[in-house]
Amino acid sequence: FRHNIDLIEVSNGLRVALVHDDRTNLATVDMRFEVGAAEDPPGRAGLAHLVEGLMFEIRERGDGPTLGDELGELALHHNAWTSWDTTHYTATVPVEHLERALALEARRLRVTCDQLDEATFRRERDVVLAEDKQRATPLDETFRAILGDVYGAGHPYTRPVGSPEVATATREEACAFIERHYTPDRAKLVVTGPYDRRSIQGLLGRTFGPARRQAGTPRAPVAAARLTGTLSRRTAAV
């Protein structure tokens, strides 16, 4: 078995996995940030999920397109999701558009608060709150109770990924979260497809190397599950 994966690290700490595949004319760009609901600030459960959505609303110019608009024109498919541990962005493009797709992804590493106006922030906050409400099921509270049985009350994994606590979150709080966590040393990039092997490393260096923002503090460790052999039983309307 040959895994065909090349691992490199950019000088600013960004880790990259390259998987060459010449069986397709498509390239996929995946960027995973090592931050999720487990690192939401106290009283702000759901902030990482809100920031995920805000990252598609940033603009390099006040009258220019959003990053999401540009991805929508470029990509055959793009999406994002937040878990307790990570926030993940993905886009699939024709390989001839790979350079532009990488440039768009690099913009997440140099976001400043002036790229996100107050009206856009409030609108996206309302969208996220509506999505969380729409997706809620009777099983949510039971599932979190089960996580509490396994990990212990107050453990980061018992927090909801989406929460109404962000209804009072501010643009400044979201910007501070981005500044603290959306940094090269907290990111992992995976590029797959029939890219040019001779130029890909230089392209990555030029695209991501200028991003020099670094995480302010090391990532807090998450305690392991407490498997004591006890039995709990939970019920919920299904």
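The values are calculated or read from the model by the stated rules, or taken from the named source; none is laboratory data. Please read these numbers as outputs of a predicted model, since none were measured by experiment. Cβ atoms come from the backbone with ideal geometry, glycine included; neighbour counts cover every protein chain shown. Calculation scope for accessible area: heavy atoms of the full protein, side chains included, ligands and nucleic acids excluded. Shrake-Rupley method; radii C 1.70, N 1.55, O 1.52, S 1.80 Å.
Name every residue in the range 60-74 that is touching a strand residue (DSSP E or B) at 6+ places or on another chain (Cβ under 9 Å) and either farther than 16 Å from Arg123 by Cβ or acidic (Asp, Glu) (or both), in order of residue number.
Passing the criteria: Leu71, Gly72, Leu74.
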Which ones in the range 210-238 are open to solvent by less than 50 Å² (accessible area, probe 1.4 Å) and under 25 Å from Asp40 (Cα atoms)? Ala211, Arg213, Ala215, Ala225
Can you confirm whether Thr207 is polar (S, T, N, Q), surrounded by 17 or more Cβ atoms within 10 Å (Cβ to Cβ) and modelled with pLDDT of 95 or more? yes
Taking the range 207-229 only, how many residues are more than 19 Å from Ser83 (Cα to Cα) and in contact with a His (Cβ under 7 Å, 6 or more places away or on another chain)? 1
Odd one out for Glu52 among (1) crowded, with 19+ Cβ neighbours inside 10 Å; (2) under 17 Å from the mean Cα position of the chain (by Cα); (3) in contact (Cβ under 8 Å) with a residue 60 or more places away in the chain: (3)
Looking only at the range 127-180, filter to residues that are of a type in the set (D, E, K, R) and over 23 Å from Phe33 (Cβ atoms); which one of those is surrounded by the fewest Cβ atoms within 10 Å (Cβ to Cβ)? Lys133
Taking the range 181-204 and the residues there that are buried (at least 16 other Cβ atoms within 10 Å of the Cβ) and over 17 Å from the mean Cα position of the chain (by Cα), the one that is nearest to Thr142 (Cα to Cα) would be Thr192
Can you pull out the residues in the range 71-103 that are under 14 Å from the mean Cα position of the chain (by Cα) and open to solvent by 10 Å² or more (accessible area, probe 1.4 Å)? His78, Asn79, Ala80, Trp81, Thr82, Ser83, Trp84, Asp85, Thr86, His88, Thr90
Go through Ala37, Ala45 for me and flag whichever is of a type in the set (Gly, Ala, Ser) and more than 11 Å from the chain's Cα centre (by Cα). Ala45
Condition first: over 22 Å from Arg110 (Cβ atoms) and either without any contact (Cβ under 8 Å) to a residue 40 or more places away in the chain or open to solvent by 60 Å² or more (accessible area, probe 1.4 Å) (or both). Now tell me which residues in the range 11-25 satisfy that. Asp22, Arg23, Asn25
Quick one: in the range 104-122, which of the residues that are in a helix (DSSP H, G or I) and in contact (Cβ under 8 Å) with a residue 60 or more places away in the chain is most open to solvent (accessible area, probe 1.4 Å)? Arg110
Output yes when any residue across the range 115-122 is more than 30 Å from Arg206 (Cα to Cα), of a type in the set (Phe, Trp, Tyr) and under 18 Å from the mean Cα position of the chain (by Cα), and no when none is. yes
